[in-house]
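Colleague: Right, I'll just put the structure down here and ask away after.
The values are calculated or read from the model by the stated rules, or taken from the named source; none is laboratory data. Note that the structure is predicted; figures quoted are calculated from it, not measured. Methodologically, a virtual Cβ is constructed for each residue, glycine included, from the backbone with ideal geometry; neighbour enumeration extends over all protein chains shown.
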Amino acid sequence: MNLGIEGRRAAVAASSSGLGLATAQALAGEGVTVAVCSRSRERIDAAAEQIGPLAIPLVADVSTEAGGTAFVDAARDALGGIDILVCNGGGPPPGDFTGTPADAYAAAVELSCLSQIAMCAAAVPAMREQRWGRVLAITSYGVRQPIGGLILSNVARSGFTAFLKTLAREIASDGVTVNSIQPGLHDTERLRKLYGGVPDGHDVGIPAGVLGQPDEFGRIAAFMCSEAASFLTGVHVPVDGGSVSGLL
């Protein structure tokens, strides 16, 4: 299927590995030039080599509002404009209510909500002016079904999801779509470190019985950024092998 985005320009945050890298690879596979970033020059150069000639590696720390804005500004300068913004970033540390100090919430909200709102603030006005744009956020299925032991992530990403839904309705008539993709457990370097290897899908509550593969995730993300998805906005799609049990 031709997604109709060849020649477009994308800024993909936190994309030296995992699902961010997979999304950048899928977009580049559709002919999109992608600005990718990491805090490490070595890691992002290696990722860009893996993606191919359509990748532009940038060093940026997107964990703060200022960092999120700086990444978008640098990507715009490198690309000559931004048609697609993929908001992404590391998650807050694990913890439950009892073990999480009250002052940890502010840092988590900046990391997983405010920094990504700042990316949108920097990128969306130009999309509205050109009357075409795609905003896609990589969040978590914990927004839909809170995950035990991840109270900071559940709170911060839920707030960002509310922002995205509101933004989507405000700018839909400008030809700009705003969506999020909510990953469950995928076979990434981070997950292998957390579990000390590759866990069995059934053992970690995935009805499909297997972990998600990053390249499969990337293809879904690329479709949500496509011309074919022009009528898809304000939605939050779980990609989790059936892990979420709720109806909505």
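Colleague: Across the stretch 88-147, what is the number of residues that are aliphatic (A, V, I, L, M), within 26 Å of Ile206 (Cβ to Cβ) and in contact (Cβ under 8 Å) with a residue 24 or more places away in the chain?
Modeller: Result for the stretch 88-147: 5.
Colleague: Of the residues that make up the stretch 86-98, is at least one among the polar types (S, T, N, Q), over 21 Å from Glu189 (Cα atoms) and surrounded by fewer than 16 Cβ atoms within 10 Å (Cβ to Cβ)? Give the steps one after another, and end with the answer.
Modeller: Of the residues in the stretch 86-98, the ones among the polar types (S, T, N, Q) are 88, 98.
Restricting the remaining residues to those that are over 21 Å from Glu189 (Cα atoms) gives 98.
Now narrow it down to the ones that are surrounded by fewer than 16 Cβ atoms within 10 Å (Cβ to Cβ): 98.
Yes, the stretch 86-98 contains a residue that is among the polar types (S, T, N, Q), over 21 Å from Glu189 (Cα atoms) and surrounded by fewer than 16 Cβ atoms within 10 Å (Cβ to Cβ).
Colleague: Continuing with the same structure: With under 18 Å from Leu21 (Cβ atoms), at pLDDT 95 or above and in a helix (DSSP H, G or I) as the only criterion, which of Arg192, Arg219 stands out? Walk me through it before giving the result.
Modeller: Numbers: Arg192 fails: at pLDDT 95 or above.
Unique residue meeting the criteria: Arg219.
Colleague: Give me the pairs: first residue in the stretch 48-59 and modelled with pLDDT of 95 or more, second residue surrounded by fewer than 21 Cβ atoms within 10 Å (Cβ to Cβ) and small (Gly, Ala, Ser), beta-carbon distance under 8 Å, and six or more apart or on different chains, which are they?
Modeller: Hits for this filter: Leu54/Gly31; Ile56/Ala78; Leu58/Ala74; Leu58/Ala78; Val59/Ser40.
Colleague: Right, here's the next one. Is it the case, given these coordinates, that Glu110 is farther than 22 Å from Val237 by Cα, surrounded by 15 or more Cβ atoms within 10 Å (Cβ to Cβ) and of a type in the set (D, E, K, R)?
Modeller: Criteria met by Glu110.
Colleague: Next question, about the same structure. Of everything in the stretch 17-40, what is buried (at least 24 other Cβ atoms within 10 Å of the Cβ), hydroxyl-bearing (Ser, Thr, Tyr) and over 12 Å from the mean Cα position of the chain (by Cα)? Give them in sequence order.
Modeller: Ser38, the sole residue that qualifies.
Colleague: Inspect the stretch 66-79 for any residue being under 26 Å from Ile44 (Cα atoms) and hydroxyl-bearing (Ser, Thr, Tyr) and give the result as yes or no. Even if it seems obvious, please write down each step before you answer.
Modeller: Keep residues of the stretch 66-79 that are under 26 Å from Ile44 (Cα atoms), which gives 66-79.
Those left that are additionally hydroxyl-bearing (Ser, Thr, Tyr): 69.
The answer is yes; a qualifying residue exists.
Rundown of residues vs (1) over 21 Å from Leu3 (Cα atoms); (2) more than 16 Å from the chain's Cα centre (by Cα); (3) free of Cβ contacts under 8 Å to residues at least 60 places away in the same chain; (4) crowded, with 16+ Cβ neighbours inside 10 Å, yes/no style:
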| residue | (1), (2), (3), (4) |
| --- | --- |
| Gly149 | yes, yes, yes, no |
| Asn154 | yes, no, yes, yes |
| Glu189 | yes, yes, no, no |
| Arg192 | yes, yes, yes, no |
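Colleague: Restricting to the stretch 61-72, name every residue that is touching a residue at least 24 places away in the same chain (Cβ under 8 Å) and surrounded by 15 or more Cβ atoms within 10 Å (Cβ to Cβ).
Modeller: As a first pass, look at the stretch 61-72 and keep what is touching a residue at least 24 places away in the same chain (Cβ under 8 Å): 62-69, 71-72.
Hits for the stretch 61-72 are Val62, Ser63, Thr64, Glu65, Gly67, Gly68, Thr69, Phe71, Val72.
Colleague: Same structure again: Within the stretch 179-188, is there a residue that is under 20 Å from Gly242 (Cβ atoms), in a loop (DSSP other than H, G, I, E, B), in contact with a Phe, Trp or Tyr (Cβ under 8 Å, 6 or more places away or on another chain) and at pLDDT below 95?
Modeller: Taking every residue of the stretch 179-188 in turn, at least one turns out to be under 20 Å from Gly242 (Cβ atoms), in a loop (DSSP other than H, G, I, E, B), in contact with a Phe, Trp or Tyr (Cβ under 8 Å, 6 or more places away or on another chain) and at pLDDT below 95.
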